[in-house]
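Quick one: the structure is below, questions incoming.
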Amino acid sequence: MYQRLGFYLILLLAISCEEKNKTEEKNQLPNQIVLIFDHPPINHKYTFESGIYSVNGGKFEVSFIDDQGQLQKMALAYDQEDTIIIKSARRLVEVGHAYKALDMLYYLFQNGDSVLFQYDGLKPHASILNRSVSELEVNYDLKKLEALDHDEFSDLVKFNSPVLFKEFDYKSKTVRDEIKLYQINVLKLARIKLQKEEAYLDSLINIGQISNHTK
């Protein structure tokens, strides 16, 4: 009986120490992520070659889910430096950046990160200033778009907005069928790209360009 009691006391002590360590670790977190934008261009709107003009809902450039589970959409000061401070107690926060109005590029940051966004045209390149992380891992969404979609829009955007990427004869009685066929072909290509992405990810992990948790 005393041996069993001693076992439970040791177990309770171990749990208490573990909880204390977690609490201390949590208390040490800065509870914020700092995003610095170096002369950001306008990405919440985009004009296609056809002349069609598109604007995302809310005219925002940056989005994230706050600790209350609410989607926050933020505008930026264009062609100058701007800073957004995300207050969060979470260890990881996913940040979305608008790209060509209809697309979003996503970045995963740790609590305490200071991040610099610089731009190549409309392309946002993120660099983490306070820790060493490969550029490819931080900017995986953008690199994937360049490698698999040849810097075009994602298949999700093409599926949702087919009229922006193909001309249709709206006087034709079969126009709905033509749009549906276009969307079916987009889905077929998306499945092929998904397989290519798996192979692309595995190759990057194997050569140490990104860590396994990115997958």
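Read-outs: derived from the displayed coordinates by stated rules, not from any lab. Computed from a prediction, not measured in an experiment: that's the story for all the values here. Note: ideal-geometry Cβ built from the backbone for every residue, glycine included; neighbour counts use all protein chains shown.
Using the Cα gyration tensor of segment 149-215, with a ≥ b ≥ c the square roots of its eigenvalues, what is the shape: rounded (a/c below 1.5), prolate (a/b larger than b/c) or oblate (neither)?
Prolate is the answer for segment 149-215, as a/c is 1.5 or above and a/b outweighs b/c.
Over segment 149-215, what is the mean sequence separation of C-alpha contacts under 8 Å (at least six apart), divided by residue count, expressed as relative contact order in percent?
The normalised contact order for segment 149-215 reaches 27 percent.
While we're on this one: Rounded to whole Hz and in sequence order, give me ³J(HN,Hα) for segment 60-75 from the Karplus expression 6.51 cos²θ - 1.76 cosθ + 1.60, θ = phi - 60°, writing x for Gly and Pro.
Those phi angles translate into 9, 10, 10, 9, 6, 9, 7, 5, 9, x, 9, 6, 9, 10, 10, 8 Hz.
Can you work out the FRET efficiency for the pair L164 and I205, with r the C-beta to C-beta distance and R0 = 45 Å, to the nearest 0.05?
Taking R0 as 45 Å, the efficiency between L164 and I205 is 0.85.
Near K73, which aspartates and glutamates are there with a Cα under 18 Å away, not counting those fewer than 8 places off in the same chain?
By straight Cα distance, K73 reaches E61, D82, E94, D103.
Under a point spin-label approximation (7 Å from Cα along Cα-to-Cβ), what is the Y78-E49 distance to one decimal in nm?
A separation of 2.3 nm, rounded to one decimal place.
Once both labels are modelled 7 Å past Cα along the beta-carbon direction, what's the L108-T174 spacing in nm?
Label at L108, label at T174, 4.6 nm between them.
Calculated FRET efficiency, Q28 and L136, Cβ-Cβ r, R0 41 Å, to nearest 0.05?
For R0 = 41 Å, the calculated efficiency reads 0.90.
While we're on this one: Under a 5 Å amide H to amide H cut-off, with H placed in plane at 1.01 Å, what residues pair with H39 once short-range neighbours are removed?
Those lying under 5 Å, H to H, from H39 are Q80, E81, D82.
Once the piece of chain linking L189 and H39 is laid out straight, how much longer is it, given 0.36 nm per residue of separation minus the C-alpha distance between them?
50.5 nm
Which entries in the list K100/K143; K45/K180; K123/K180; K123/K188; K166/K193; K100/K171 go over 24 Å, if you measure between the two C-alpha atoms of each?
K45/K180; K123/K180; K123/K188; K100/K171
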